[in-house]
1. Could you calculate the contour length gain from Ile166 to Arg180, that is, 0.36 nm times the residue separation minus the distance between their Cα atoms, to one decimal place in nm?
2. At q = 0.10, 0.11, 0.13 Å⁻¹, what base-10 log of I(q)/I(0) does the Debye formula yield for the stretch 1-130 when every alpha carbon is treated as an equal point scatterer in vacuo?
3. For each pair in Lys43/Lys175; Lys79/Lys122; Lys43/Lys121; Lys133/Lys160; Lys43/Lys122; Lys79/Lys160, compute the distance between the two Cα atoms and list the pairs where it is over 26 Å.
4. Report the chymotrypsin sites (Phe, Trp or Tyr not before Pro) located in the stretch 71-119 that are in a DSSP loop and have at most 16 other Cβ atoms inside 10 Å of their Cβ, or state none.
5. Amide H of Ile41: which non-local residues (sequence gap of 5 or more, or other chain) have their own amide H closer than 5 Å, using H built in the peptide plane?
6. Multiplying the sequence separation of Thr82 and Gln131 by 0.36 nm and subtracting their Cα-Cα distance, what value in nm do you get?
7. Under the Karplus relation 6.51 cos²θ - 1.76 cosθ + 1.60, θ = phi - 60°, what is the ordered set of whole-Hz ³J(HN,Hα) values for the stretch 26-34, x standing for Gly and Pro?
8. In nm, to one decimal, how far is the Ser158 label point from the Ala35 one, both placed 7 Å along Cα→Cβ?
Amino acid sequence: MNPSQIVNNDDILLKLCHSVSHVLSSTSGSQVTHAGMVQTIAKTRLKPDLSCFSIFDGGFSGLVVINFSAAAAVEIYRKYMTNMGMPETELAFSHTSDEVGNVMGELMNQILGDFISQVSKKLQTTISQSQPKMLTINKDLTISVDANLDNAVVRRVSFKTESNQIFYLEFAMDKTEFVRLAEFEMDEEFDPDSLIETHGSLPAKAKAESKVASPKNDAGNKADDADDLLSELGL
């Protein structure tokens, strides 16, 4: 948060850029970075070769568009799949493949999920998103969405993959500011994977001790069940 304790549109855009870089880098096992400069544009557009968009609403309304070149989309898709353990020989090579579109749509969903989590925690407000739509296109399209934006702020940010392939994030939202009125504590961040690894299963030694400590075996349990049944019958 800036020194004046005010969060504006560009601060929110920066949070979205961090979500894009974080999710794509962590899921693909490669480095995805965003530019330090942001561009003011008149309107959002769906552009070749692969474009994904989603609308969000709630504490503020807006629209997110990510335009991937064919090379950038295929690189991210293939790195994501190989990072998941898939052999390269089984992967698609064309951005027009349904599998590429499905994977990129899922990654967009994860990006927005991370962004919404950050907004909820750091701005003390909630937003919801529409299901991301992924389109393969061969010419520029102008997207006009009835998102009820008041005095919309529209920005474009460029991103770069590890192989220097470029793609663009376009972002439109209400002109808004969040002002901190009082100090508050944010929930601590944690890694779900490490939490599961730590607490998800009982150590083998503990399991063995638990088994030894139990005085009853299966035969004893069955005998007790039979005694309880006879007792209920008055025998």
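Just so you know, all these numbers are worked out from the coordinates, no wet-lab data involved. A quick note: this is a predicted structure, and the numbers were derived from the prediction, not measured. Please note: Cβ atoms are built from the backbone with ideal geometry, for glycine as well, and neighbour counts cover all protein chains shown.
1. Values: separation 14, 0.36 × 14 = 5.04 nm, distance 3.61 nm.
Taking 0.36 nm per residue and subtracting the Cα distance, the gain is 1.4 nm.
2. -0.36, -0.43, -0.59
3. Numbers: Lys43/Lys175 14 Å; Lys79/Lys122 31 Å; Lys43/Lys121 29 Å; Lys133/Lys160 22 Å; Lys43/Lys122 28 Å; Lys79/Lys160 14 Å.
Among Lys43/Lys175; Lys79/Lys122; Lys43/Lys121; Lys133/Lys160; Lys43/Lys122; Lys79/Lys160, the Cα-Cα distance tops 26 Å for Lys79/Lys122; Lys43/Lys121; Lys43/Lys122.
4. Working: sites: Tyr77, Tyr80, Phe93, Phe115; in loops: Phe93.
Sparse-neighbourhood loop chymotrypsin sites (Phe, Trp or Tyr not before Pro): Phe93.
5. It is Val154, Arg155, Arg156, by chain and number.
6. On the way: separation 49, 0.36 × 49 = 17.64 nm, distance 2.55 nm.
Using 0.36 nm per residue and subtracting the Cα-Cα distance, I get 15.1 nm.
7. 6, 7, 9, x, 9, 9, 10, 10, 10
8. In this crude spin-label approximation the distance works out to 0.4 nm.
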